[in-house]
Amino acid sequence: MEAIKGTITALAQLYQRTLSRGVLPRSQGWNHPWFQEVKDLQQNGSLKLRRDSFSSGPIFNRTSQYKGTSVVGTHTRHGTGIENWKSGTKYEGGFKHNDSHGYGIYTFGGESHYVGDFERDVWHGPGILTRNKAVNYVGRWENGKRNGYGHNIWPDGKIYRGYWKDGKSSGMGVLRLVDQGIVAGSFVNGLAQGYGAWIGADGTQYTGQFAGGVKQGFGAEVSADGGYYDGEFKGGVRHGNGVLILTSGERYDGEFKAGLRDGNGVSILTNGEEYNGQWEAGERNGYGTKKIPGQPPVKGQWKDDQLISAG
């Protein structure tokens with residue numbers, strides 16, 4: 001049990017470190033290599049730009065107004081500029097062959113912004129997304145989706161810091177759930193999957209296997225009151241074979257179903273009293289043998305924790 005507690009404590013410390021000192025990818029901003037490339041092309045004469053202002057055709061099904069540099073003799077946006085749409089959407093930053101490219105600031109929906117790198121008109125590279133003045137995501141993007149390492153905050157207060165793939169948490173990460181504690185470990189498609197640890201809001205601690213975001217497989221759990229369970233889980237609860245040690249000192253070794261003792265099992269109390277037999281819904285039900293030190297064993301049928309027939 002001490003090893004389990006040590007693993008959970010280490011993961012909790014990892015979570016705190018990622019919050020305070022986590023290394024997040026950062027954009028180079030206006031020092032983005034694209035802007036230097038444009039300057040170099042202008043200096044060697046291979047690219048000729050002019051300051052321009054014009055209305056462009058339908059872009060994103062809207063008409064926009066552009067002010068910035070364009071290729072001489074064309075209305076090809078290239079270099080740096082500002083583009084405004086009638087809806088209030090605005091982009092300020094780098095352009096390459098009419099596409100937003102390099103570093104830029106994209107404002108949409110009134111109070112929402114993306115600040116970071118672009119490639120071929122999509123968010124690509126380090127960037128920060130804010131929605132309604134609140135930071136939503138800080139990290140790396142690829143083809144307009146969260147990809148790589150990043151930190152996401154949901155409106156309800158849920159926080160995830162770790163790796164992403166195609167817009168979903170995938171890889172190693174730490175998830176803080178509102179009123180449900182912390183999950184640290186491996187994630188697939190936004191859910192805990194594989195080995196990890198969970199610290200509940202009530203102090204319950206678990207380390208072991210997850211599937212589909214819930215405890216599933218083999219694991220160990222230390223309850224808020226100090227009880228300990230080591231065994232199988234299914235659908236987030238004890239299910240299968242396991243060992244349960246309660247704070248009273250009682251030890252149960254046997255089968256569980258839907259979180260309760262169910263099947264064959266042995267219970268031993270601190271005074272030496274032992275029951276070996278069948279259980280159902282957490283109580284002695286079926287055939288079993290009860291032993292009390294200094295007394296002959298009692299065998300028979302049990303129902304709802306009571307002996308109903310001996311023999």
_Where R51 falls short, out of the listed (1) closer than 18 Å to R120 by Cβ; (2) modelled with pLDDT under 80_ = (1)
*Restricting to the range 276-311, what's the tally of residues that are part of a strand (DSSP E or B) and under 30 Å from A220 (Cβ atoms)?*
14
_Name the residue that is nearest to the chain's Cα centre (by Cα), counting only residues in the range 179-194 that are over 21 Å from D166 (Cα atoms) and surrounded by fewer than 16 Cβ atoms within 10 Å (Cβ to Cβ)._
Q180
*In the range 244-253, how many residues are surrounded by 15 or more Cβ atoms within 10 Å (Cβ to Cβ) and either of a type in the set (A, V, I, L, M, F, W, C) or on the phi > 0 side of the Ramachandran plot (or both)?*
3
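On the given criteria, is G88 touching a Gly at 6+ places or on another chain (Cβ under 9 Å), surrounded by 12 or more Cβ atoms within 10 Å (Cβ to Cβ) and either modelled with pLDDT of 85 or more or basic (K, R) (or both)?
Considered against the rule, which asks whether it is touching a Gly at 6+ places or on another chain (Cβ under 9 Å), surrounded by 12 or more Cβ atoms within 10 Å (Cβ to Cβ) and either modelled with pLDDT of 85 or more or basic (K, R) (or both), G88 comes out as no.
Looking at K291, K303, which is the one that is more than 30 Å from R176 (Cβ to Cβ), surrounded by 14 or more Cβ atoms within 10 Å (Cβ to Cβ) and over 36 Å from the mean Cα position of the chain (by Cα)? Explain how you work it out, then say what you get.
Numbers: K303 fails: surrounded by 14 or more Cβ atoms within 10 Å (Cβ to Cβ).
Sole residue among the options that is more than 30 Å from R176 (Cβ to Cβ), surrounded by 14 or more Cβ atoms within 10 Å (Cβ to Cβ) and over 36 Å from the mean Cα position of the chain (by Cα): K291.
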*State yes or no: is G102 closer than 25 Å to E83 by Cβ, at pLDDT below 95 and touching a His at 6+ places or on another chain (Cβ under 9 Å)?*
yes
*Are there any strands (runs of 3 or more DSSP E) wholly within the range 203-275 with 1 or more residues that are more than 30 Å from G190 (Cβ to Cβ), in contact with an Asp or Glu (Cβ under 7 Å, 6 or more places away or on another chain) and of a type in the set (V, I, T), and if so which?*
237-245, 260-268
*First in the range 126-140 and of a type in the set (V, I, T), second anywhere and surrounded by fewer than 22 Cβ atoms within 10 Å (Cβ to Cβ) and modelled with pLDDT under 90, Cβ under 6 Å, 6 or more apart*: V138/L24
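Condition check: more than 34 Å from the chain's Cα centre (by Cα) and free of Cβ contacts under 8 Å to residues at least 60 places away in the same chain. Does S267 satisfy that?
Yes; evaluated as a whole, the condition is true for this residue.
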*Considering only the range 196-208, state which residues are closer than 19 Å to G242 by Cα and surrounded by fewer than 19 Cβ atoms within 10 Å (Cβ to Cβ).*
T204
*Just one of the numbered conditions (1) at pLDDT below 90; (2) among the β-branched types (V, I, T); (3) within 30 Å of K158 (Cβ to Cβ) is not true of V72; which one?*
(3)
*Given the conditions (1) at pLDDT 80 or above; (2) farther than 27 Å from D166 by Cβ; (3) among the charged types (D, E, K, R), and given that K96 satisfies all but one, which numbered condition is not satisfied?*
(2)
*asked:* Could you tell me how many of the residues in the range 131-158 are modelled with pLDDT of 90 or more, surrounded by fewer than 17 Cβ atoms within 10 Å (Cβ to Cβ) and in a strand (DSSP E or B)?
replied: 2
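The values are calculated or read from the model by the stated rules, or taken from the named source; none is laboratory data. Remember, it's a predicted structure, so these values are computed and weren't measured experimentally. In this analysis, Cβ positions are derived from the backbone assuming ideal geometry, glycine residues included, and neighbour counts consider all displayed protein chains.
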